[in-house]
Amino acid sequence: MTDLFSPARFGAIELANRVVMSSLTRNRAGAGNVPTPLVAEYYRQRASAGLILTEATPICAEGHGYPRTPGIHTAEQVAGWKRVTGAVHDAGGRIALQLWHVGRISHPDLQPGGAAPVAPSAIRPAGQVFTGQAMKDYVTPRALELSEIPGLVATYAQAARNAMEAGFDGVEVHAGNGYLLDQFLRSSTNRRSDAYGGSKENRARLLLEVMEAVCREIGADRVGVRLSPVTPFNDLSDDDPQATFEYVVARLDPLKLAFLDILQGTGGAPREQWIPFDYDRLRALYTGNFIRNNGYDFQSAQQAVSSGAADAIAFGRLLLANPDLVERFRRGAPLNAPDYETFYTGEEKGYTDYPFLKP
Ligand code: 8OZ
């Protein structure tokens, strides 16, 4: 019987088990947004997970919206990531890079030349952004010109190429959580009147072009995608998320990707507060490897994998706080509690100092 400890093959990637490390922003990159040896140590510690999905990683300078997030668009960043992939591979793990563009979730202080961030439409997000010095209100973004879209698609493909050069086993395109591709997908942030806005078919067009370009660049069997159909994080929503995301998943299926990674529910909110959505419909529409994410514990994860509801489960906070989560699950051992104060700050504190089980 297949369970959480069973090996799996996701496209070209062999997983030792079905415990996936979810992408987690940790803000520990060094100068030039380069991953440091400390970042390599953090991922190495978690290499017993079947697959690590890295923190969200900007594909270009305009894709940044937070301080100290490591990029994949300079030679120094590629060299820094080589340290990370080498450390994880030496420890027997597998690691895919999450490709990210924040779109409007940025600020001129974080953009080249102090320019406005880009987005599908000039709609300002509610809320504030930390620019590295201060909290500032979001600004009204600049709507991308139609003529800029092919260059953007090519930038994703180039970033995937850079990830291969850095030694990653694959990439995950980040199309969730209110960032650029999600801003195109969901109706509240996409008011375009061209081929990339309006109907769900048009709103999905950019993501599908990005997926096709990235697959052409590195092979579909090393490419996954993250979707989050209902999270309101970063101030967006969809008029009919079920219809939008059923369409997206049906169009992704024939690409024969390595995996589809679905963030269920609403950020860190408890299950009772989740916006209703039928994730089983997405599972039924998708014939490839299906990762579910958010709020699982050992029991519910085992149940999901052994019933076939998922091929793997991604864990965020549990793997953050328990580098040896797989072994703890195996032994039924107690878990370290995550320290929320050090999620986004603290260097090694709350990063590489969570204790392992005694042998
Ligand atoms: C938390 C803080 C900053 C970024 C996401 C990349 O939600 C993020 C993120 C999360 O996908």
- [ ] Would you mind giving the three semi-axes, in whole Å and largest first, of the ellipsoid equivalent to segment 176-229 according to its Cα gyration tensor?
- [x] 22, 13, 7
- [ ] At 1.4 Å probe size, with no ligands or nucleic acids counted, give the accessible surface of residue 135 in Å², nearest ten.
- [x] 110
Open item on the list: Could you tell me the extents of the chain's C-alpha atoms along the three principal axes, largest first, rounded to whole Å?
Closed with: 58, 45, 39
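To the nearest 20 debye, what is the magnitude of the charge dipole of the chain about its Cα centre, counting +1 on the Cβ of each Lys and Arg and -1 on the Cβ of each Asp and Glu?
Numbers: 36 positive and 40 negative charges, 57 e Å.
In debye, rounded to 20, the chain gives about 280.
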- [ ] Starting from the Cα of residue 3, move 7 Å in the Cα-to-Cβ direction to define the label point; list residues of segment 301-329 whose amide nitrogen is under 17 Å from there.
- [x] 301-313, 325-329
Task: Two-site FRET efficiency, residue 140 against residue 212, from Cβ-Cβ distance with R₀ of 30 Å, rounded to 0.05 - done: 0.45
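If r is the Cβ-Cβ distance from residue 240 to residue 79 and R0 is 45 Å, what FRET efficiency results, to the nearest 0.05? All intermediate terms of the calculation are to be shown ahead of the outcome.
On the way: r = 45 Å, r/R0 = 1.00.
So the FRET efficiency works out to roughly 0.50.
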Open item on the list: Which residue, 73, 91, 49, has the largest displacement toward the positive end of the dipole of segment 8-342 when charges sit on each Cβ (Lys, Arg +1; Asp, Glu -1)?
Closed with: 91
- [ ] Give the accessible area for residue 349 in Å² (nearest 10); use a 1.4 Å probe, count only protein heavy atoms, and leave out ligands, DNA and RNA.
- [x] 120
Open item on the list: Using alpha carbons only, how many angstrom separate the centre of segment 26-49 from the centre of segment 225-252?
Closed with: 30
TODO: Would you mind calculating the gained length between residue 154 and residue 130 on full extension (0.36 nm times residue separation, minus the Cα-Cα distance), in nm to one decimal?
DONE: 5.8 nm
Open item on the list: Please list log₁₀ I(q)/I(0) at q = 0.19, 0.23, 0.25, 0.28 Å⁻¹ for segment 2-63, using the Debye equation with identical point scatterers on the alpha-carbon positions.
Closed with: -0.80, -0.98, -1.06, -1.18
Task: Pair residue 250, residue 202: separation of 7 Å Cα→Cβ label points (nm) - done: 1.9
TODO: Please give the FRET efficiency for residue 340 paired with residue 194, using the beta carbon to beta carbon distance and R0 = 30 Å, rounded to the nearest 0.05.
DONE: 0.10
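Largest first, what is the accessible-area ranking of 274, 100 with a 1.4 Å probe?
Working: 274 45, 100 5 Å².
Ranking 274, 100 by accessible area, largest first, yields 274, 100.
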- [ ] Can you list which of the GluC sites (Glu not before Pro) found in segment 141-228 are DSSP loop residues with at most 16 other C-beta atoms within 10 Å?
- [x] 145
Task: Probe 1.4 Å - accessible area at residue 123, Å² to nearest ten - done: 50
TODO: Using the heavy atoms of the protein chains and a 1.4 angstrom probe, tell me the accessible area per residue for the chain in square angstrom.
DONE: 38
TODO: Give me the distance in nm between label points sitting 7 Å out from Cα along the Cα-to-Cβ direction at residue 358 and residue 12, one decimal.
DONE: 4.5
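The values are calculated or read from the model by the stated rules, or taken from the named source; none is laboratory data. Keep in mind that this is a model prediction, so the values were computed, not measured. Positions of Cβ are generated from backbone atoms using ideal geometry, with glycine treated the same way; all protein chains shown enter the neighbour counts. Ligands, DNA and RNA are excluded from the accessible area calculation, which covers all protein heavy atoms including side chains. Shrake-Rupley method; radii C 1.70, N 1.55, O 1.52, S 1.80 Å.
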